[in-house]
Each structure stands twice: as structure tokens, then as C-alpha cells.
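Here's the structure we're looking at; comments come further down.
Each value in this text was obtained by applying a stated rule to the coordinates, not by laboratory testing. Just so you know, these numbers come straight off a predicted model, no measurement behind them. Positions of Cβ are backbone-derived with ideal geometry, glycine not excepted, and every protein chain shown enters the neighbour counts.
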Amino acid sequence: MSFAIPAGVSLVSALSYHMFRTFWRIMETLSDSNKQAHKNALLSLLAQALTCSVMLLPIFGFFIDVYFGYHNQKLLFYHELVFSCHSSTNCIVMIITVKEYRNFVKSLIYSNVVKTEAAKNSYRHQI
């Protein structure tokens, strides 16, 4: 376990550096729209990779607690709470960083607002 976390962080860091370096190297050959699409994709991937820390940090904290013999039920509860938030955090990051998902959520919100306003107006006309 002591080797897995630094190895994982090093691997993600090296891959991220390589992706961004490659992007900057070929940037001049891309059109403006492709350049923006590649940039958005890389930032989305980076944000999703960072959400892994939401899952890995509580596990690392739990192992440190066990290793040093520290027993605290409240701290264990917080480790589990943060660990369980990984999928929600990843979902929010996906909605924020991917344009298609963001537009879909906006359309859902807008359609519900329109329906709510129409229902309010029809209720007002009945009175």
C-alpha cells in the first residue's frame, strides 16, 4: 500500500504532463475549433483524474489510522463519508466539464421552469 499511492500519483502526473506537452507541440497544426475541443477534453480528463483523490485520500487516511493504532469512530465516519462522495463528485465534474452534459442539464432545468410558470399562470386564471 505504501508504494501504490506514490506510484499512482506519479503515473497520473506523468501521463498528464505528456498529454499537455503533446497538445502544446501540435497546437499550431490544429484549427481553432479543434484546438478548443482538445483543450476542453484535456481539462476534463484532468478534472476527472483529480476526483480520484476523493476516493483515495480516505483510504490512505484509514490505513494510516490502522498503522498507528489510532481509534476514533468519528474520524472513521468522516473517511467513509468522503469516500462515498466520489461518484457524486465525479458526476458533478462531468456535468461541469463536458459541454453536452451541461447543455442537457440546462435544458432540463429550463423545461421545468417553463412548466412551473405555465402551471402558475393557469392556476391564476382559474381564480
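When Lys and Arg each count +1 and Asp and Glu each count -1, what net charge do the other residues less than 13 Å away from A41, Cβ to Cβ, add up to?
Charge balance near A41 sits at +2.
With Kirkwood's inverse mean 1/r over C-alpha pairs for Rh, give me the Rg to Rh ratio of the range 4-98, two decimals please.
When Rh is taken as the Kirkwood radius, the ratio is 1.14.
S33 versus V9, label points 7 Å from Cα toward the beta carbon: distance in nm?
So the two model labels end up 4.2 nm from each other.
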